Amino acid sequence: MNEFETDCVHGAGGPDPLTGAVVPNISLSSTFAQDAVGKHSGFEYSRSGNPTRASLERHVAALEGADFGFAFSSGLAAEDAVLRMLAPGDAVLMSDDAYGGTFRLARQVHAPAGLGVETTDLTDLDVIAAAWPDDTRMVWIETPTNPLLRIVDIEAVSAFAHERDALVVVDNTFATPALQRPLALGADLVVHSSTKYLGGHSDVVGGFVATNDTEVGARVGFVQNAAGAVPGPFDSYLVHRGCRTLHLRMERHCENAAVVAEMLAAHPAVATVLWPGDPDHPGHAVAARQMSGFGGMVSVRMNGGVDAARSLCESTQLFTLAESLGAVESLIEHPGLMTHSSVSGTANEVPDDLVRLSVGIESASDLVADLEQALDTVETG
Ligand SMILES: *Cc1c(COP(=O)(O)O)cnc(C)c1O
C-alpha cells in the first residue's frame with residue numbers, strides 16, 4: 001500500500017502495458033473487436049466499459065480506499081444511480097443542509113416514484129432518532145455540508161444507521177479523499193461531483209460512486225450500464241488528470257481558506273464566518289477527528305442582509321462570481337439566489353445574508369486584498 005500522495009500520482013495502474021504511455025490513452029472507440037462470438041478482451045461496448053473510464057475508476061477507487069468505483073457523467077447522475085437502489089416504499093433520510101440539486105433529485109424525481117424522502121439535522125443523534133422514518137433504508141450524509149459547512153460525524157451516524165439496517169452514503173465532494181475517507185469511517189458508499197475538486201480546473205462535469213460492498217457495487221455497476229449516464233473518454237481523462245494533483249491542490253486550498261476565514265472574521269461587515277477550522281465552529285472537534293484538513297470552502301453571513309451579501313458577491317475582482325466550486329480559481333456566490341435557489345420556499349432554504357466562497361490556490365495575500373477592497377464597499381446598514 002502506497003501513501004495517498006503516491007496513489008494520487010500513480011493511481012492503481014502503471015504505464016500502459018502495450019505502449020508504455022505514462023498517462024492513460026483517450027480511447028475513443030465505441031466498440032471493440034471480439035475474438036469469437038461473445039469472447040472479448042474485457043471491453044465490448046463503451047457504455048458498458050471503456051479503457052479511459054476504467055483507468056479513472058481504478059484511480060478514484062484507490063484514493064477512496066474502495067474495491068469498486070463507477071464514473072458517471074455528472075455528480076447528480078451518480079447520486080441518481082445510488083438512489084435507484086431503493087424500492088418504492090423505502091425511505092431515505094438526508095442531511096437538512098445539502099446540495100440543492102440533491103434535494104431536487106430526491107423530491108421531484110424519486111419521491112414521485114414512491115421513495116420516502118425526509119431531511120433532518122444529522123449533526124445530532126437524538127434528533128436523528130426522533131426523525132427516523134419507518135422503512136429508512138438509506139442515510140444520506142453530506143459533510144462538510146453545502147453551503148452551511150456543518151459537520152456530520154460519519155462514524156457515529158454510520159453505526160446508528162447500521163443498527164437499523166440502513167445503508168450510509170457520504171457525499172465527499174467538499175472534503176475529497178485527500179481530507180476524509182468515509183468508507184474507512186464506516187460509510188457504505190461515497191459519491192462525488194468530480195466537477196469540483198477531483199477535476200479541479202472547472203473544465204469538466206462528472207460524478208463518481210465508490211464502495212467496498214460487493215452487492216452494492218454490483219447494483220451500481222448494473223445501473224451505470226443499464227441507465228447509461230456514463231462520462232465520455234475525454235471527460236474521464238480530464239478527471240483522471242485532475243486527481244494526479246489532488247493532494248497538492250487540497251493542501252493549498254486548506255491553507256488559503258484558513259487565511260481568508262481569519263481575515264473575514266475580523267471584518268466589521270461580516271456577522272459570522274462558517275468554517276469548520278474555527279475552534280468555535282460547533283463541528284470543529286468532529287472535523288478535526290475525521291478530516292486531515294478543513295477544506296477550501298468558507299461561508300459568511302453578512303451584517304446588512306441580502307443587499308450586503310449581493311454587494312460583496314458583485315464587488316470582488318479575483319473571486320469570480322459564479323456557481324460551482326473546488327477549482328484552482330477562487331469563486332464567490334450567493335447560494336440563496338444561485339446554487340440553492342431550487343430549495344427556496346422549502347424547509348431547506350438557506351439564509352439570504354449568506355455568501356459562499358470557494359477559496360482557490362492563488363496567493364493568499366492577493367485573495368485577502370481582494371476581499372478587503374470588496375468588503376470595504378459593502379453597506380452594512
Ligand atoms: C455540485 C455538487 C453536486 C452535483 O454535481 P454535478 O456534477 O453538478 O451534477 C452534488 N453534491 C455536491 C456537494 C456538489 O457540490
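The values are calculated or read from the model by the stated rules, or taken from the named source; none is laboratory data. Just so it is clear, the structure is predicted and the values come from calculations on it, not from any experiment. Note: ideal-geometry Cβ built from the backbone for every residue, glycine included; neighbour counts use all protein chains shown.
One line per residue, one yes/no per condition, for (1) under 22 Å from V205 (Cβ atoms); (2) buried (at least 17 other Cβ atoms within 10 Å of the Cβ):
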{"residue": "P279", "(1), (2)": "no, no"}
{"residue": "F294", "(1), (2)": "no, yes"}
{"residue": "G304", "(1), (2)": "no, yes"}
{"residue": "L357", "(1), (2)": "yes, yes"}
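Go over the candidates T176, T123, T143 one by one and state the one that is of a type in the set (S, T, N, Q) and more than 16 Å from the ligand (Cβ to nearest atom).
T123
Taking the range 288-330 on its own, how many of its residues are more than 16 Å from the ligand (Cβ to nearest atom), under 20 Å from L149 (Cβ atoms) and aliphatic (A, V, I, L, M)?
Total satisfying the criteria: 8.
Give the number of residues within the range 39-72 that are more than 13 Å from N225 (Cβ to Cβ) and touching a residue at least 24 places away in the same chain (Cβ under 8 Å).
Number satisfying all stated conditions: 16.
Would the range 221-242 turn up any residue that is over 29 Å from W132 (Cα atoms), part of a loop (DSSP other than H, G, I, E, B) and among the β-branched types (V, I, T)?
yes
What number of residues in the range 14-45 are under 21 Å from V60 (Cβ atoms) and touching a Ser or Thr at 6+ places or on another chain (Cβ under 6 Å)?
Qualifying residue count, the range 14-45: 3.
Would a scan of the range 243-266 turn up a residue that is aliphatic (A, V, I, L, M), assigned by TED's automatic domain parsing to the domain that holds S363, farther than 14 Å from V60 by Cβ and outside any helix (DSSP H, G or I)?
yes
Over 12 Å from L93 (Cβ atoms), of a type outside the set (K, R) and buried (at least 24 other Cβ atoms within 10 Å of the Cβ), is that true of V169?
no
What helices (runs of 4 or more DSSP H), lying completely within the range 51-152, carry at least 3 residues that are modelled with pLDDT of 95 or more and in contact with a Pro (Cβ under 8 Å, 6 or more places away or on another chain)?
Output list reads 51-64.
If a residue has to be touching a Lys or Arg at 6+ places or on another chain (Cβ under 8 Å), closer than 16 Å to H253 by Cβ and in contact (Cβ under 8 Å) with a residue 60 or more places away in the chain to count, how many in the range 327-373 make the cut?
So the answer is 3.
Please give the number of the condition G89 fails out of (1) touching a strand residue (DSSP E or B) at 6+ places or on another chain (Cβ under 8 Å); (2) buried (at least 20 other Cβ atoms within 10 Å of the Cβ).
(2)
Here is a list: H253, H340, H284. Which entry is under 23 Å from D96 (Cβ atoms) and within 16 Å of the ligand (Cβ to nearest atom)?
Of the residues listed, the single one that is under 23 Å from D96 (Cβ atoms) and within 16 Å of the ligand (Cβ to nearest atom) is H340.
Among the residues of the range 203-210, is any hydrophobic (A, V, I, L, M, F, W, C), within 14 Å of the ligand (Cβ to nearest atom), part of a loop (DSSP other than H, G, I, E, B) and in contact (Cβ under 8 Å) with a residue 12 or more places away in the chain?
Yes, that holds for at least one residue.
Test of understanding: among G116, G75, G65, G100, which residue is more than 16 Å from the ligand (Cβ to nearest atom) and farther than 21 Å from G186 by Cβ?
Result: G116 is the single residue among G116, G75, G65, G100 that is more than 16 Å from the ligand (Cβ to nearest atom) and farther than 21 Å from G186 by Cβ.
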